[in-house]
Amino acid sequence: MWRQAFAAMLLAVSIGYFYHSNPAFPEVAVRYLTKTLQSLSSCLQGSSSTATIEQTISSAWDTLITAPATQWTRVAVGVNTCVDVVVTGVGLLQALAIDPGTGLDHEVLHSKEDLKETFIHYMEKGAATERFYSDKESFQRIARAASEYPGAQHFVGGNAALIGQKLATNPHVTVLLCGPVGPKLQELLADQIIVPAESLQGTDEYHLILEYKAGDKWGSSQAPNANRFIFSHDMSNGEMSTLETFVGSMEEFQPQLVVLSGLHMMEGQGRELWEERLKEAVVTISDIPNEVPIHLELASMTDKDYMNSIMREVLPIVNSIGLNEQELLFISQAGLGPHSQLPSWSGVPDVGQVSDILLWILKQHGRTDLESEADLTRIHFHTLAYHILATVDGFWANQVSAVSAGARVAGCQACGTQKIDVNRVVLKAPLEFHTSRDEPGQTMTLNPSEPVVVWHRENVSFYFTPVLVCKNPLRTVGLGDAISAEGLLYSEMAEQ
């Protein structure tokens, strides 16, 4: 912009000089140079008033997002709840007198050394993850240090409680929340959340959230972007002990939608427990009336056998799932699906590869074949740069609004604002992408004025929209839960 201003100024000075120093200077030349100056001035003014791509997308969302014809008013959510203690990750580990080192992933944390290595492994990737800490006494010492660490904050935690809290921000929605609810969590919950008496307990379950920002360093390790590392020693949620209470409460509450989470917590309990408990969970979930849709929120897991059991036994009996890029790739790796040879995503996940995996999940475990007895017809995928909603045709409505609302809330919540602040966000999504990597697909281009790109593969529709990523996020915990909750608020089941 300053170059245009300088050019305009130089041209104006030149016109004045030639005109006053040489009255015979051709009038036509003066008129030509004057028009050129006016054109440059208009260009300069236009460039200063042109909306940024972020402004264009945000404004387009506001137009696109409309409420569904039929809205949920009673939603039952369960069953993992806790209190999140949020601290600066590197600062807490330093306070625990842990020295930096090299990263190494551990499926279960047995010691502070395991904690350090796994934290570094994921901080260097900038990837979110969650782990079970097996040593109760060691965990309690770390939890006390975290609670007393300067700047430590206590928040509603657990996928179910976070989703319930987000749903309850809508004044038309009443939420039944079932999970282990202690006195601190009960104090933090919104007033319109109903907690069954059977869910109340004398003490809270605490989860430790170690956050880091883009550029944070510890020893030779540096975070490429902001994210968090979560760990706990949580037996109540680990055994999904309130699941039966949750389903039993529905007869009186009569929900229009059920949101289920917490299956990932059983992974750290050992194969013998999760095998038996998963069978019981499937029987219990099957007791929910068929006309009530069920959304399952997934979370980080590492046991491929356990993931395969969930895919075989649970995915076919739910209608919708929500998951991020780590969970999506792990599902494919566990089930030997598309692109399962990838050890991890490199940067922003490739849209074509994500599309291939989503279609595979719906074909393997969903109802793409109308003769199938499976119920799964919707997947809400979210990653830092973009979201995709994939739905089997004929089952869901208002999904353009749903995916837009989910993306919009990601930018708002990360920055701690009520609306998108275009000065605090940046577009990181690809402006052009392929719809498949496994088969000949389309090349799609993102139009910021129409920021939802739609394509079809067989009888599945894909809805893509970018995320306006917060440059300096205030809090990353619970973003996925807020995204799924917002997407569900704007979704409705199509009449069959």
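The values are calculated or read from the model by the stated rules, or taken from the named source; none is laboratory data. No experiment lies behind these values; they were computed from the predicted model shown. For neighbour counting, all protein chains shown are included, and Cβ atoms are generated from backbone atoms with ideal geometry for every residue, glycine included. Quick note on the areas: whole protein, heavy atoms, side chains included, nothing else; ligands and nucleic acids left out. Shrake-Rupley method; radii C 1.70, N 1.55, O 1.52, S 1.80 Å.
Annotations for the structure displayed:
- Under 5 Å from the amide H of Cys82 lie the amide H atoms of Gly157, Gly158, Ala161, each residue being 5 or more positions distant or on a separate chain, with H modelled from the backbone and absent for Pro and chain starts.
- Using alpha-carbon coordinates, inclination of helix 2-21 to the longest axis of the chain, degrees: 10 degrees
- Expressed as a fraction of 2.2 N^0.38 Å, the value expected for a compact globular protein of N residues, the C-alpha radius of gyration of the stretch 167-213 is 1.35.
- Working ranking of peptides 74-83, 351-360, 484-493 by packing, defined as the average number of other Cβ atoms within 10 Å per residue, highest first, is 74-83, 484-493, 351-360.
- Within the accessible surface of the chain, defined with a 1.4 Å probe on protein heavy atoms only, the carbon and sulfur portion equals 50 percent.
- Across the stretch 116-266, counting alpha-carbon atoms alone, Rg and Dmax equal 17.2, 56 Å.
- Reach of Lys184 by Cα under 28 Å, taken over lysines that are not fewer than 8 positions away in the same chain: Lys112, Lys136, Lys166, Lys213
- Expressed to the nearest 5 percent, the antiparallel share of DSSP beta bridges inside the stretch 208-362 is 50 percent.
- Surface accessible to a 1.4 Å probe, Leu104 within the full protein complex, Å²: 90 Å²
- Vicinal HN-Hα couplings computed from phi for the stretch 172-188 (Karplus, 6.51 cos²θ - 1.76 cosθ + 1.60; Hz; Gly/Pro x): 8, 10, 9, 10, 9, 10, 10, x, x, 10, x, x, 5, 5, 4, 5, 7
- From most to least packed by mean Cβ count within 10 Å, the peptides 293-302, 256-265 give 256-265, 293-302.
- The chain: angle of helix 399-415 to the longest principal axis, Cα-based, in degrees nearest 10: 80 degrees
- Total formal charge among the other residues, if their Cβ is under 14 angstrom from that of Ile163, Lys/Arg +1 and Asp/Glu -1: -3
- Charged neighbours of Gly416, selected by a Cβ distance under 11 Å, balance to +1 (K, R count +1; D, E count -1).
- The chain: calculated mean residue ellipticity at 222 nm from DSSP helix runs of at least 4, using -39500 (n - 2.57): -12500 deg cm²/dmol
- Among the trypsin sites (Lys or Arg not before Pro) in the stretch 361-446, those placed in a DSSP loop whose Cβ has at most 14 other Cβ atoms within 10 Å are Lys419.
- Taking amide H as placed 1.01 Å from N in the peptide plane, the amide H of Leu176 sits under 5 Å from that of Val75, Ala76, Val77, Ile194, each at least 5 places away or on another chain.
- Antiparallel %, DSSP beta bridges [both residues in the stretch 165-241], to 5: 75 percent
- If you take all other residues with their beta carbon under 11 Å from the beta carbon of Asp135, and give Lys and Arg +1 and Asp and Glu -1, the sum is +1.
- Relative contact order (%) - criterion: Cα under 8 Å, at least six apart; region: the stretch 248-321: 41 percent
- For Val467, nonlocal amide neighbours, meaning residues 5 or more places apart or on other chains whose placed amide H falls under 5 Å from its own, are Tyr386, His387, Lys428, Ala429.
- A viscosity of 0.890 mPa s and a temperature of 25 °C, combined with the Kirkwood radius over C-alpha pairs in the Stokes-Einstein formula, give the stretch 112-152 a diffusion coefficient of 213 µm²/s.
- Inter-centroid distance (Cα atoms) of the stretch 421-458 relative to the stretch 234-264, Å: 36 Å
- Most simply put, the chain has about 50% antiparallel DSSP beta bridges, counting only bridges with both residues inside it.
- Projected-area average for the stretch 350-482 over all orientations - Cα convex hull basis, square nanometres: 8.4 nm²
- 1.4 Å probe accessible area per residue over the chain, in Å²: 44 Å²
- Of the two radii for the stretch 434-496, the radius of gyration is 1.04 times the Kirkwood radius, both from the alpha carbons; that is the Rg over Rh value.
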